[in-house]
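Asker: Input: one structure, supplied below.
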Amino acid sequence: MDIFLTGAAGYIGGSVAAGLRAAGHRVAGLVRSEAQGEAVQARGITPVVGTLDDAAILAEAARRADAVINAANADHEPAVRALTAALAGSGKPFLHTSGSSVVGTQAGGRKLDAIYDETTPFTPSPGRAARAALNAAILAQRDRGFRPIIICPSLIYGLGHGVAPHSMQVPWLIATARKHGVARHFGPGENIWSNVHIDDLVRLYLLALERAPAGGFYFAENGEASMKQLCQAISRMLGLGGSTQPMSLAEAAAEWGEAAALNTMGSNSRVRAVAARRELGWAPGGVSVIEEIERGCYRAAA
């Protein structure tokens, strides 16, 4: 298939593009600059230079492709409108990348027990209401003659396979630990995130592209850990003895920004990928996030 993918120079998009090419697909990827274009072209991706605000470029690339994967920005509504309008009536699949913080709870680093699968009702936090609304708008187009599908990863870890090798949360924690000489988390760090290895996530995209029905929504997870457990593993990896320290909201906001502190680093996001396993036959098998950290794959990060 000829596939148009946004975020081709990013962590998720670059890894998915590598997986698509390994499976025999041809990939055209949106990049923001000629330099990024050269980088992805070296990996066998045909660059399409533009931004998510270039509706005409997005629409033309979508019309040329057999399938479209949006892996650039979970919240960019104008790009989604441009891509889905171009795909209407085509029968083509459209895979949109969301994120499990859509069910996240702003808890200031405290543990909450709520766990969600694809059928669990939820009320999004104020920081994720717009994302939840965009997800619903995408899935509501299942009758417009194309195949809208949402992939909703939890915390992603592991080395990527594109231009950008690292995810966000774990490298942020590593950078903070190196900066302060001790691993630090927002509040007590008891808040829990489900997580998924990047290689398992790539396999889910490939399965969804092939098998997912119109209107399919799929969490991606294969385990969970608290932020404190991540920090303890980072501390051991850096030779800091496994110790950690809490941060206030003001300190966490200074490190990562207030929105990220509230909606990501101090929230709970506990999900179960029931639909991916049951409907698509997804069988994740990557090493755990703790093992990935401790065996040193992030040693060069941050």
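The values are calculated or read from the model by the stated rules, or taken from the named source; none is laboratory data. A quick note: this is a predicted structure, and the numbers were derived from the prediction, not measured. For neighbour counting, all protein chains shown are included, and Cβ atoms are generated from backbone atoms with ideal geometry for every residue, glycine included. Only protein heavy atoms, including side chains, enter the accessible area calculation; ligands, DNA and RNA are left aside. Shrake-Rupley method; radii C 1.70, N 1.55, O 1.52, S 1.80 Å.
Asker: Of all residues being under 30 Å from ASN70 (Cβ atoms) and of a type in the set (Asp, Glu) in the stretch 208-251, which is surrounded by the fewest Cβ atoms within 10 Å (Cβ to Cβ)? Just the residue, please. I'd like the intermediate steps shown before the answer.
Answerer: Filtering the stretch 208-251 down to residues under 30 Å from ASN70 (Cβ atoms) leaves 208-225, 227, 230.
Checking which are of a type in the set (Asp, Glu) leaves us with 210, 221, 224.
Working: GLU210: 12, GLU221: 25, GLU224: 20.
If we take residues in the stretch 208-251 being under 30 Å from ASN70 (Cβ atoms) and of a type in the set (Asp, Glu), then GLU210 is surrounded by the fewest Cβ atoms within 10 Å (Cβ to Cβ).
Asker: Another question, then. What's the total number of residues in the stretch 189-205 that are surrounded by fewer than 20 Cβ atoms within 10 Å (Cβ to Cβ) and either touching a strand residue (DSSP E or B) at 6+ places or on another chain (Cβ under 6 Å) or modelled with pLDDT under 95 (or both)?
Answerer: Qualifying residue count for the region: 1.
Asker: Also: Of everything in the stretch 77-104, what is over 27 Å from THR51 (Cβ atoms) and open to solvent by less than 40 Å² (accessible area, probe 1.4 Å)? Give them in sequence order.
Answerer: Answer for the stretch 77-104, where residues must be over 27 Å from THR51 (Cβ atoms) and open to solvent by less than 40 Å² (accessible area, probe 1.4 Å): VAL103, GLY104.
Asker: Right, next: Residues of the stretch 1-31 being of a type in the set (A, V, I, L, M, F, W, C) and out of contact with any Lys or Arg (no Cβ under 8 Å at 6 or more places or on another chain), which ones?
Answerer: Kept after step one, since they are of a type in the set (A, V, I, L, M, F, W, C), are these residues of the stretch 1-31: 1, 3-5, 8-9, 12, 16-18, 20, 22-23, 27-28, 30-31.
LEU5, ALA8, ILE12, VAL16, LEU20, ALA22, ALA23, LEU30, VAL31, listed by residue number.
Asker: Moving on to the next point. Could you give me the residue pairs with C-beta distances under 6 Å whose first residue belongs to the stretch 168-180 and is farther than 11 Å from SER235 by Cα and in contact (Cβ under 8 Å) with a residue 40 or more places away in the chain, whose second residue is part of a loop (DSSP other than H, G, I, E, B) and among the charged types (D, E, K, R) wherever it lies, and which are 6+ apart or on separate chains?
Answerer: As it stands, the answer is none, since no pair meets every condition given.
Asker: Okay, next question. Scan the stretch 41-61 and report the pairs whose first residue is under 14 Å from GLY162 (Cβ atoms) and open to solvent by less than 80 Å² (accessible area, probe 1.4 Å) and whose second residue is among the basic types (Lys, Arg) and outside any loop (DSSP other than H, G, I, E, B), with Cβ atoms within less than 7 Å and a gap of 6+ or a chain change.
Answerer: GLY44/ARG21
Asker: Of the residues SER100, SER15, SER33, which is over 16 Å from the mean Cα position of the chain (by Cα) and not acidic (Asp, Glu)?
Answerer: Within the list SER100, SER15, SER33, the selection yields SER33.
Asker: To continue, here is another question. Identify, by number, the condition in (1) free of Cβ contacts under 8 Å to residues at least 24 places away in the same chain; (2) under 28 Å from ALA136 (Cβ atoms); (3) in contact with a strand residue (DSSP E or B) (Cβ under 9 Å, 6 or more places away or on another chain) that ALA254 doesn't meet.
Answerer: So ALA254 meets the others, but not (2).
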